[in-house]
Ligand SMILES: [Zn+2]
């Protein structure tokens, strides 16, 4: 489902000596490697694990934007944006490398991110605000990698080499226990969840799907777990949150051990996924950034690189969703999500139509901060004070009156339990 990356060595190494020539040569090598690997992956079920070792990333340097962005008072769901955009076209401009759009070079050094540790997740369900729905625990315990692969998030095409990702990949070692993200009933267990190809070529490999005991806006919620080396549950078995349902493996369309995890809403189908990063409880004291990048007509702009920078100048790259079939969250209608951010103030910057846009926002523990960035609108929407939205229905699509949101316990639904028939409707690889 994705190529294996040795991201442990992926650090934003800082080097004043990094020359443009060496940077381009490295990029060329990396891109060539990616292309070669993609040839294997496009054959659908590589028999030999493929590894890409990115030993060093280009230097990333940053100079803070020259203008401090005032805190906006926008309620992104109910109000009009308050101008807070920094238009960099007439000031200190970042130098965005067109050959490597992930890197924006500003001039001074950055620290090296240390993303390999984070606090244990908060208990679920967690909904500090009505629009948040952190209702699922991590399907991997905190003693292993239990956060999404940063370069192949939901909706990502992995630099255009893959189909849009329908879930997140947790790079846990082979044999790591896979845990039920919340309580429910097993409605699928076995090899071949997608079911549109011969079983041995099914991209999901050994998979489990759990139908949960609660729903969202009247719709049933499912979680799917794929690529497992073995499964430890049986069909129709009730499971509790944290119960082991299998082991991390590399079965199906996978090139290395990891867990592919999906949130499905409404129906247990491939095309019914949502971004798990809006549903998995964040680490204690950490939060989530989500938003929309829109053109001047208010339409989503796909595959726009965004650089998110914390107060220590650590960079967190994210790319807006692909134009391929990707579902927006029913609450946020977002086209990018970046989870697992320590509480604090962050800057973000991107290019739209050749112009630089930048803003600043605050990540709060246990909450999703939402921003809107629109072309030609010299303002950036943000939730300066998440409490400002407390108690309000965030959008017209948020039909909270149909199914009350849970407070301490999830909300049950009356949706009939689906059968175990395969219901594939697409041929894309997850
Ligand atoms: Zn995956």
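The values are calculated or read from the model by the stated rules, or taken from the named source; none is laboratory data. Note that this is a predicted model, so its numbers are computed, not measured. So basically every Cβ, Gly included, is an ideal-geometry build from the backbone, and we count neighbours across all protein chains shown.
With respect to the conditions (1) surrounded by fewer than 17 Cβ atoms within 10 Å (Cβ to Cβ); (2) within 20 Å of residue 130 (Cα to Cα); (3) at pLDDT 50 or above, residue 355 falls short on a single one, namely (2). Scanning the stretch 151-173 for residues that are more than 11 Å from the ligand (Cβ to nearest atom), farther than 20 Å from residue 290 by Cα and crowded, with 19+ Cβ neighbours inside 10 Å turns up just one, 172.
Among the strands (runs of 3 or more DSSP E) confined to the stretch 148-232, the ones with at least 3 residues that are under 15 Å from residue 246 (Cβ atoms) are located at 177-179, 184-191, 206-216, 219-228.
Within the stretch 345-361, the set of residues being touching a strand residue (DSSP E or B) at 6+ places or on another chain (Cβ under 6 Å) and free of Cβ contacts under 8 Å to residues at least 60 places away in the same chain comprises 345, 346, 348, 350.
For every residue, the table says whether it meets (1) touching a residue at least 24 places away in the same chain (Cβ under 8 Å); (2) within 25 Å of residue 338 (Cβ to Cβ); (3) more than 13 Å from the ligand (Cβ to nearest atom).
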residue	(1), (2), (3)
127	yes, yes, yes
134	yes, yes, yes
147	yes, yes, yes
176	yes, yes, yes
182	yes, yes, yes
200	yes, no, yes
227	yes, yes, no
